[in-house]
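Q: Structure incoming, see below.
The values are calculated or read from the model by the stated rules, or taken from the named source; none is laboratory data. All values reported here derive from a predicted model rather than from experimental measurement. Here the Cβ positions follow ideal geometry from the backbone for every residue, glycine too, while neighbour counts run over all protein chains shown.
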Amino acid sequence: MSYQLTTQEEQQRREGFEAYGGPICACCGENHASALVLDRIDVSGADEELEDMRVLIKDQIDLCRKLKRLGWPPGYQVLCANCHVGRGKNGGVCPHKTKGAG
């Protein structure tokens, strides 16, 4: 099942990306907006109010709204979905950063 973003939702995502470095993956440089997500840099220091946010696109819109209401707090970055998932499966470090190590 596919979900089509409204113009307002697209704008909210763009604002979120701009607040955290622009619409480009901070790890690999991917810049296709449909592949990008906001990523919490340090999960252990996460704000309790934001603890339950997930990567699903509707949740990303909700995350952008919350972060905007909070004044775009530090501790977030833009990543592509691959780097975001890779970090989650690799102890918080994107596999791009460990390539060739070990």
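Q: Can we say V37 is surrounded by 11 or more Cβ atoms within 10 Å (Cβ to Cβ) and modelled with pLDDT of 85 or more? Spell out how you get there, then give the answer.
A: Details: surrounded by 11 or more Cβ atoms within 10 Å (Cβ to Cβ): yes; modelled with pLDDT of 85 or more: yes.
In short, yes.
Q: I would also like to ask the following. Does E49 count as at pLDDT below 90 and of a type in the set (D, E, K, R)?
A: For E49, the condition - at pLDDT below 90 and of a type in the set (D, E, K, R) - is met.
Q: Working only within the range 62-95, note down all residues that are in contact with a Lys or Arg (Cβ under 7 Å, 6 or more places away or on another chain) and not hydroxyl-bearing (S, T, Y). I'd like the intermediate steps shown before the answer.
A: Within the range 62-95, the first condition is being in contact with a Lys or Arg (Cβ under 7 Å, 6 or more places away or on another chain), and the residues that meet it are 64, 75-76, 93-94.
Correct list: C64, G75, V93, C94.
Q: Right, here's the next one. Look through the range 9-34, keep the residues that are modelled with pLDDT under 90 and more than 14 Å from A81 (Cα to Cα), and return whichever of them is surrounded by the fewest Cβ atoms within 10 Å (Cβ to Cβ).
A: Filtering the range 9-34 for residues modelled with pLDDT under 90 gives 9-10, 33-34.
With the extra rule that they be more than 14 Å from A81 (Cα to Cα), the set shrinks to 9-10.
Numbers: E9: 17, E10: 13.
Across the range 9-34, the extreme among qualifying residues is E10.
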